[in-house]
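Worksheet for the structure shown next.
The values are calculated or read from the model by the stated rules, or taken from the named source; none is laboratory data. Everything quoted here is computed from the prediction, not taken from an experiment. Backbone-built Cβ (ideal geometry, glycine too); neighbour counts: all protein chains shown.
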Amino acid sequence: MTEPIVELKEVSKSFGSKTILDQVNLKIYPGDALGVIGPSGTGKSTILRIIAGLLKPDAGEVYIQGQKRQGTIEEGEASLGVGMVFQQSALFDSLTVEENIGFALYRYSQLSPKQIRELVDQKLEIVGLPGTGDLYPAELSGGMRKKVSLARAIITDPNNPDNTPTMILYDEPTAGLDPVASTRIENLIHDLLFEQGVCRAYAIVTHQASTIRLTTERIIFIYEGKIQWDGTREEAYNSSHPLLKQFFSGSIEGPIP
């Protein structure tokens, strides 16, 4: 049986007195295009941050490619091949596109500046932004900033194969974009896995119908700290589950207050 890339075992997380995740179990397999959906404030982004090593669970275990996470990235834990694209792109305004994308390599790798620039140029080509390395974030459109953030998530040190992109996590990657820009990002997300093989799987938090339709093949629905439903996108759209029916219809009548 195929081994999961990511496995959460009984993962719990609280902030103050509020329980966000309550003994969550989840497996993400090679080839998964996973949509993480549910009402706001139910722990969707928290799951991504725990997988990425940006947050430590209060209880439970996290495994990436069979290796147990021992801490956070901030504490020196390796990324283990997990990259993350943040909702607001999280670019450094004072750095160029090239410096933003290559930031981790400049800081932590033994690569020369010339080698890093070549790697950056390769990633800019992949995301459809060739020749933009000298621009600053303020000179970019919202969609372009999302692509720069994506390029940063997939760049790695070729001398460190342990950090080769395996899993990409997207937190609301089309939030704030117009429909055309959203479609470009959605197609790029899908193609990086299924056409270009840049990663082996991805998980995406979204509320947007087009993003769910164009990027996901499997869906989990999170509510009240637990995964309430797990299945294919087609099964989700056709499900009679009251949470899914209310979510997709946008009705104010149902179990979600």
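Listed values, structure above:
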{"quantity": "L214 vs. criteria crowded, with 16+ Cβ neighbours inside 10 Å, touching a residue at least 60 places away in the same chain (Cβ under 8 Å) and on the phi < 0 side of the Ramachandran plot", "calculated": "no"}
{"quantity": "Search result, residues across segment 157-177 that are surrounded by fewer than 24 Cβ atoms within 10 Å (Cβ to Cβ), touching a residue at least 60 places away in the same chain (Cβ under 8 Å) and outside any helix (DSSP H, G or I)", "calculated": "T164, P165, T166, D171, E172, A175"}
{"quantity": "Of all residues in segment 58-76 being without any contact (Cβ under 8 Å) to a residue 60 or more places away in the chain and under 24 Å from P173 (Cβ atoms), the one that is surrounded by the most Cβ atoms within 10 Å (Cβ to Cβ)", "calculated": "V62"}
{"quantity": "Residue within segment 92-104 that is hydrophobic (A, V, I, L, M, F, W, C), within 21 Å of the chain's Cα centre (by Cα) and in a loop (DSSP other than H, G, I, E, B) present", "calculated": "yes"}
{"quantity": "Filter result for E74 (over 19 Å from the mean Cα position of the chain (by Cα) and either modelled with pLDDT under 90 or not in a loop (DSSP other than H, G, I, E, B) (or both))", "calculated": "no"}
{"quantity": "Unique match (being touching a residue at least 60 places away in the same chain (Cβ under 8 Å), closer than 28 Å to I154 by Cβ and surrounded by 15 or more Cβ atoms within 10 Å (Cβ to Cβ)) among G31, G35", "calculated": "G35"}
{"quantity": "Verdict on G133 being within 22 Å of D93 (Cα to Cα), more than 17 Å from the chain's Cα centre (by Cα) and not hydrophobic (A, V, I, L, M, F, W, C)", "calculated": "yes"}
